[in-house]
């Protein structure tokens, strides 16, 4: 009667689901999810998701993040791995190591991190080798 045996769950549907850590909440530990996140509270630990992470103005994360896209208004300390686009709003404060494909920084954001961007490093070292041999 209440069984969902015939209902199949597609992983692409799960990445559309949004998890939220509300302001005033402190979470310590690792999180793995198929869905995206909105963080307004404090997370001390690691977050892994194939979705998007949005950190609001009151959000704070200390640890490691591995995600597809990220949008920061709050604070982050640690290692940040973003497969596609990392957006830093004017109120964002980022410290640590950043690995991303694309980076967008609004004026006013504090970005005190080492940053490696896919593709750019390869083309720079490739051009340097060509210049030396010429």
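The values are calculated or read from the model by the stated rules, or taken from the named source; none is laboratory data. Bear in mind the structure is a predicted one, so any value in this text is a computation, not a measurement. Reconstructed Cβ throughout: ideal geometry from the backbone, glycine too, with neighbour counts over all protein chains shown.
Quick notes
- Count of region 34-54 residues which are in contact with a strand residue (DSSP E or B) (Cβ under 6 Å, 6 or more places away or on another chain) and closer than 17 Å to residue 68 by Cα: 13
- Beta carbons closer than 9 Å, at least 6 apart along the sequence or on distinct chains, pair a first residue in region 59-70 that is on the phi > 0 side of the Ramachandran plot and in contact (Cβ under 8 Å) with a residue 12 or more places away in the chain with a second that is assigned to a strand (DSSP E or B) and surrounded by fewer than 18 Cβ atoms within 10 Å (Cβ to Cβ) for 63/44; 63/77; 63/79.
- Considering the conditions (1) touching a strand residue (DSSP E or B) at 6+ places or on another chain (Cβ under 9 Å); (2) surrounded by fewer than 17 Cβ atoms within 10 Å (Cβ to Cβ), residue 57 is excluded by exactly one of them, (1).
- Yes/no for residue 75 being within 24 Å of residue 116 (Cβ to Cβ), at pLDDT 95 or above and touching a strand residue (DSSP E or B) at 6+ places or on another chain (Cβ under 7 Å): yes
- Taking region 60-99 as the range and being in a loop (DSSP other than H, G, I, E, B) and either touching a helix residue (DSSP H, G or I) at 6+ places or on another chain (Cβ under 6 Å) or surrounded by 19 or more Cβ atoms within 10 Å (Cβ to Cβ) (or both) as the test, the residues that pass are 73, 74, 92.
- Residues that are assigned to a loop (DSSP other than H, G, I, E, B) and under 15 Å from residue 46 (Cβ atoms) within region 16-34 comprise 29, 30, 33, listed in sequence order.
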